Structures are given as C-alpha cells and as structure tokens.
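The values are calculated or read from the model by the stated rules, or taken from the named source; none is laboratory data. Model, not experiment: these values are computed from the prediction. Using ideal geometry, Cβ is built from the backbone for each residue, glycine included, and neighbour counts are taken over all protein chains shown.
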Amino acid sequence: MLKHGILGLLNYGSMSGYEIMQVFRDSLSYFWSAQTSQIYRELQTLKKSGFVTDEPVKGSGGDKKIFTITDAGRAELINWLCSEDGFSTRSGLLMLTFFRGELPAEENIKFFTRLKESALRFGGGLGTPVQKSDFYSAVIDAPEKALYWRMTVEYGIMYTAMLCEWCDKCIAILEGKEK
C-alpha cells in the first residue's frame, strides 16, 4: 500500500522525495509507517513501472529529483481506490492476543497496559493532523479533499477510544473482575 500512498500524494502535485517524506510524516504516518529509505526505494519501483517520472532540478541545496505522477500512475491509484483492499480482516494485534494464553496473566496485564498507554500517546497527537490537513488543503487548492483527511483523523480518534476501552476490559477479565 505504500506505493498507493505515494501515488496519492503525488496526485496532489509534483514533489521531491524529501517533500514526499515530509508530507507523509505530517499526514499518513498517523496510520501507516514508512522509513525514508522505503519511500525512496518505492519511488524507484514506481518509476520503473511507469507510474511516476522524475526530473532533475538544480537547487541552492544541491541537485534533487522532482517526481510527477503519470497517467498510468493515476489510473493505478483510481483502480486501487475502487478496490476493496482496505476491507481486510487481518490484524496482527488480534493474532497476538489470540495466542497470549501461552504467557502468564501478569505479563498479559502488562501488555494491555502498555498497549493502552501507547494508544493514549497516539490519540493525544490527533489534534495535529486536523491542523496539518487544514494547512495542506490550502496548499493543494482542493479543500474538498481535506474532508476525507478529516474523516481519517476521526477514525483515529474513535479507534483510540475503542482500543483503550478494550484494553481496560481485557485487564479486568485477566484480573478476574469480569467474566
């Protein structure tokens, strides 16, 4: 899905690899992780596939490449958007939870406590994506697209609340306070 994330960003406008990484960090990283090296590697794969082109540009900080989505890249993005790839029921967290009976209850209580703490740290930063989406909607001159960015942030907020509630319930079950 990283390739589709990059294509989606380039669909808003041409960018250097560094700019893609910045925008990725400010938006997509709230629900998809990628290292800088992965993004640059994926850009080369997208170029070989004909989904993007690059143009060298001389700048004050040195030479850089500006990547642009092609018609084939836009078609790939649209095909992916029309697919049901996001409907997967796969969850590493639930697979991990399913087999936690192999560990002592105390260790699992610590696990759910750490998971909740992590969710709360993540949820505390969800105000930032709203501000970033407002900024980027002005930059791309398409404020109607920012509605979908906001929907993603709302999902994050609701998911964080649900995850915290679920962790509390799991801990209560393990502590014998709920059957």
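Taking the options 46, 28, 7, 2, name whichever one is touching a helix residue (DSSP H, G or I) at 6+ places or on another chain (Cβ under 8 Å) and in contact (Cβ under 8 Å) with a residue 60 or more places away in the chain.
The conditions single out 7.
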Working only within segment 108-125, note down all residues that are loosely packed, with under 11 Cβ neighbours inside 10 Å and modelled with pLDDT of 90 or more.
-> none
Would you mention how many residues in segment 158-167 are of a type outside the set (Phe, Trp, Tyr) and surrounded by 14 or more Cβ atoms within 10 Å (Cβ to Cβ)?
-> 4
Breaking point among (1) within 22 Å of the chain's Cα centre (by Cα); (2) modelled with pLDDT of 95 or more, for residue 31 = (2)
Within the set of pairs 6+ apart or on separate chains, which have a first residue in segment 65-76 that is assigned by TED's automatic domain parsing to the domain that holds residue 49, a second that is charged (D, E, K, R) and surrounded by fewer than 17 Cβ atoms within 10 Å (Cβ to Cβ), and C-beta atoms under 6 Å apart?
-> 66/55
Answer yes or no: is there a residue in segment 87-98 that is surrounded by 15 or more Cβ atoms within 10 Å (Cβ to Cβ) and among the β-branched types (Val, Ile, Thr).
-> yes
